[in-house]
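The values are calculated or read from the model by the stated rules, or taken from the named source; none is laboratory data. Only a predicted model underlies this, so the values are computations on that prediction, with no experimental measurement involved. Here Cβ is always computed from backbone atoms with ideal geometry, including for glycine, and neighbour counts include all displayed protein chains. Accessible surface areas use protein heavy atoms only, side chains included; no ligands, DNA or RNA. Shrake-Rupley method; radii C 1.70, N 1.55, O 1.52, S 1.80 Å.
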Amino acid sequence: MRKKVIAGNWKMNMTPSEAVELVDTLKPLVDNPEVDVVFCVPAIDIIPVVEAAKGSNIQVGAENMYFEDKGAYTGEISPAMLTDAGIKYVVLGHSERREYFAETDETVNKKMLKAFEHGLTPIMCCGETLEQREQGVTMDFIRQQVKIGFQNVTAEQAKTAVIAYEPIWAIGTGKTATTEQAQEVCKGIRACIAEVYDEATAEAIRIQYGGSVNAETAPELFAQPDIDGGLVGGASLKPDFGKIVNYK
Ligand code: PEP
């Protein structure tokens, strides 16, 4: 039985002092031991959020990291910096990073390998544009993102990973994919993992849905057999996130 993982993606919101206030507000609301609760926060918020979350069930994640250990990469954050600061999860290949910061399946793959090397759990994002959905190539596109993203990742590593299926047309738009659409693609991703690895790996890996998830849509989405939680943007900055975490 896979444990649900519900992660907030704060994006470029919350100054360090606002971040601490938000953690203090959400801490009592997200206390659900049945779920892995993760707050993925901007780099500058990591240290104060890790401190503010101490003694709670909140695990802290980063929104990105670089694929080298150290060196002349001005402005980047290394995996060792994240682990030393108390980070457990890292979002990789979010569509906003692919669109605005030229991330590719290949760079996502390098980051995946580096994350595992450092004991970080990647939340690897994938998802189609509206145009791709209308052209009927959704699953082909996502299979490619998953296959390249997981190249040279071992089955043992893959079992611990999280994949977030996020249709780009549903991110920040208020348009949630229907439960059927979300389940269909998450099932397809699991089948792709079974093909690349084996059934045991496919059964173990956790697959989230993301895209305008809110307190109303979460219960039905998270009840689907192949949806193991969610990656939540806008609603993770509000007390509503407590309702999403306690979706049952
Ligand atoms: C996201 O940022 O990953 C996301 C799903 O955002 P939203 O919930 O705001 O659509």
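For (1) surrounded by fewer than 18 Cβ atoms within 10 Å (Cβ to Cβ); (2) free of Cβ contacts under 8 Å to residues at least 60 places away in the same chain; (3) of a type in the set (Phe, Trp, Tyr), each residue gets a yes or a no:
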| residue | (1), (2), (3) |
| --- | --- |
| Gln183 | no, yes, no |
| Cys186 | no, yes, no |
| Ile189 | no, no, no |
| Cys192 | no, yes, no |
| Tyr197 | no, yes, yes |
| Ala200 | yes, yes, no |
| Arg206 | no, no, no |
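Taking every residue in segment 102-126 that is of a type in the set (Val, Ile, Thr) and pairing it with any residue that is open to solvent by less than 20 Å² (accessible area, probe 1.4 Å) and assigned to a helix (DSSP H, G or I), at least 6 positions away or on another chain, the pairs with Cβ-Cβ distances below 8 Å are Val108/Gln145; Val108/Gly149; Thr121/Ala115.
Take Val90 and decide whether it is touching a Phe, Trp or Tyr at 6+ places or on another chain (Cβ under 6 Å), crowded, with 17+ Cβ neighbours inside 10 Å and either hydroxyl-bearing (Ser, Thr, Tyr) or touching a residue at least 12 places away in the same chain (Cβ under 8 Å) (or both). Walk me through how you get there before you give the answer.
Working: touching a Phe, Trp or Tyr at 6+ places or on another chain (Cβ under 6 Å): no; crowded, with 17+ Cβ neighbours inside 10 Å: yes; either hydroxyl-bearing (Ser, Thr, Tyr) or touching a residue at least 12 places away in the same chain (Cβ under 8 Å) (or both): yes.
For Val90, the condition - touching a Phe, Trp or Tyr at 6+ places or on another chain (Cβ under 6 Å), crowded, with 17+ Cβ neighbours inside 10 Å and either hydroxyl-bearing (Ser, Thr, Tyr) or touching a residue at least 12 places away in the same chain (Cβ under 8 Å) (or both) - is not met.
How many residues are open to solvent by less than 10 Å² (accessible area, probe 1.4 Å) and more than 16 Å from the chain's Cα centre (by Cα) when one looks only at segment 30-45? Final tally of qualifying residues: 2. For segment 154-181, the tally of residues that are of a type in the set (D, E, K, R) and crowded, with 20+ Cβ neighbours inside 10 Å stands at 1. Take Val50 and decide whether it is open to solvent by less than 40 Å² (accessible area, probe 1.4 Å) and part of a strand (DSSP E or B). Against the criterion (open to solvent by less than 40 Å² (accessible area, probe 1.4 Å) and part of a strand (DSSP E or B)), Val50 does not qualify. If you go through segment 46-59 one residue at a time, do you hit one that is in contact with a His (Cβ under 9 Å, 6 or more places away or on another chain) and touching a residue at least 40 places away in the same chain (Cβ under 8 Å)? Scanning segment 46-59 turns up no residue that is in contact with a His (Cβ under 9 Å, 6 or more places away or on another chain) and touching a residue at least 40 places away in the same chain (Cβ under 8 Å).
Considering only residues of segment 86-126 that are assigned to a loop (DSSP other than H, G, I, E, B), within 16 Å of the ligand (Cβ to nearest atom) and touching a Gly at 6+ places or on another chain (Cβ under 7 Å), which is farthest from Gly233 (Cα to Cα)? Filtering first and then ranking leaves Glu103. Here Thr83 meets each of (1) part of a helix (DSSP H, G or I); (2) under 27 Å from Leu113 (Cβ atoms); (3) in contact (Cβ under 8 Å) with a residue 40 or more places away in the chain; (4) among the hydroxyl-bearing types (Ser, Thr, Tyr) with one exception, condition (3). If only residues of segment 209-238 that are in a loop (DSSP other than H, G, I, E, B), within 6 Å of the ligand (Cβ to nearest atom) and not aliphatic (A, V, I, L, M) are counted, the one that is nearest to Gly127 (Cα to Cα) is Gly211.
Among the residues making up segment 163-191, a single one is charged (D, E, K, R), more than 16 Å from the ligand (Cβ to nearest atom) and under 25 Å from Val90 (Cβ atoms): Arg190.
When only residues in segment 5-29 that are within 16 Å of the ligand (Cβ to nearest atom) and more than 14 Å from Pro42 (Cβ to Cβ) count, which is nearest to the chain's Cα centre (by Cα)? The extreme case among them is Ala7.
Comparison of Asp198, Asp228 shows that the only residue that is touching a helix residue (DSSP H, G or I) at 6+ places or on another chain (Cβ under 9 Å) and within 18 Å of Val30 (Cα to Cα) is Asp228.
Is it fair to say Gly210 is within 27 Å of Met14 (Cα to Cα) and open to solvent by 20 Å² or more (accessible area, probe 1.4 Å)?
Values: within 27 Å of Met14 (Cα to Cα): yes; open to solvent by 20 Å² or more (accessible area, probe 1.4 Å): no.
Against the criterion (within 27 Å of Met14 (Cα to Cα) and open to solvent by 20 Å² or more (accessible area, probe 1.4 Å)), Gly210 does not qualify.
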